[in-house]
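Participant: Mind having a look at this structure? Questions to follow.
The values are calculated or read from the model by the stated rules, or taken from the named source; none is laboratory data. Remember, predicted model here, so these are calculated numbers, not experimental data. Positions of Cβ are generated from backbone atoms using ideal geometry, with glycine treated the same way; all protein chains shown enter the neighbour counts.
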Amino acid sequence: MTQITLDATLATRLSTLAAPVELCDPSGRILGRFVPVVDLSELEFDAPEVSDEELDRREQSTEWYTTEEVLAHLKKLGDA
């Protein structure tokens, strides 16, 4: 991939962005899009709250579905 070195002013402006932006020439023609890098290491992901009782109930369940059965059910829901 080709790299383009930005001047300090543009680099500073882009470094403060948190969302994608379109880059345009002076006439307003879109040249491309800039998507800032997101550092996911700072995010905390919470696991869903599932009680021990619910986990036990799921483990004891004898009702299981194949992938094909699940896909057929989803297709049926989409056709409705």
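Participant: Hey, among the residues in segment 38-57 that are at pLDDT below 90 and not acidic (Asp, Glu), which one's nearest to residue 10 (Cα to Cα)?
Facilitator: Per the stated criteria, the residue is 38.
Participant: Consider residue 27 against the criteria (1) in a loop (DSSP other than H, G, I, E, B); (2) modelled with pLDDT under 95: it satisfies all of them except one. Which criterion is unmet?
Facilitator: (2)
Participant: Taking the options 2, 62, 9, name whichever one is in a helix (DSSP H, G or I) and among the polar types (S, T, N, Q).
Facilitator: Details: 2 fails: in a helix (DSSP H, G or I); 62 fails: in a helix (DSSP H, G or I).
Going through 2, 62, 9 in turn, just one is in a helix (DSSP H, G or I) and among the polar types (S, T, N, Q): 9.
Participant: Can you spot a residue in segment 3-10 that is in contact with a strand residue (DSSP E or B) (Cβ under 7 Å, 6 or more places away or on another chain), without any contact (Cβ under 8 Å) to a residue 60 or more places away in the chain and surrounded by 10 or more Cβ atoms within 10 Å (Cβ to Cβ)? Before you say what the answer is, go through the steps one by one.
Facilitator: Let us first name the residues in segment 3-10 that are in contact with a strand residue (DSSP E or B) (Cβ under 7 Å, 6 or more places away or on another chain), namely none.
No.
Participant: Of everything in segment 65-80, what is modelled with pLDDT under 90 and part of a loop (DSSP other than H, G, I, E, B)? Give them in sequence order. Spell out how you get there, then give the answer.
Facilitator: Restricting attention to segment 65-80, the residues satisfying the condition of being modelled with pLDDT under 90 are 78-80.
Hit for segment 65-80 is 80, nothing else.
Participant: In segment 30-59, which residues are part of a loop (DSSP other than H, G, I, E, B) and aliphatic (A, V, I, L, M)? So that I can check it myself, show each step before the final result.
Facilitator: At the first step, the residues of segment 30-59 found to be part of a loop (DSSP other than H, G, I, E, B) are 35-39, 43-51.
Scanning segment 30-59 gives 35, 37, 38, 43, 47, 50.
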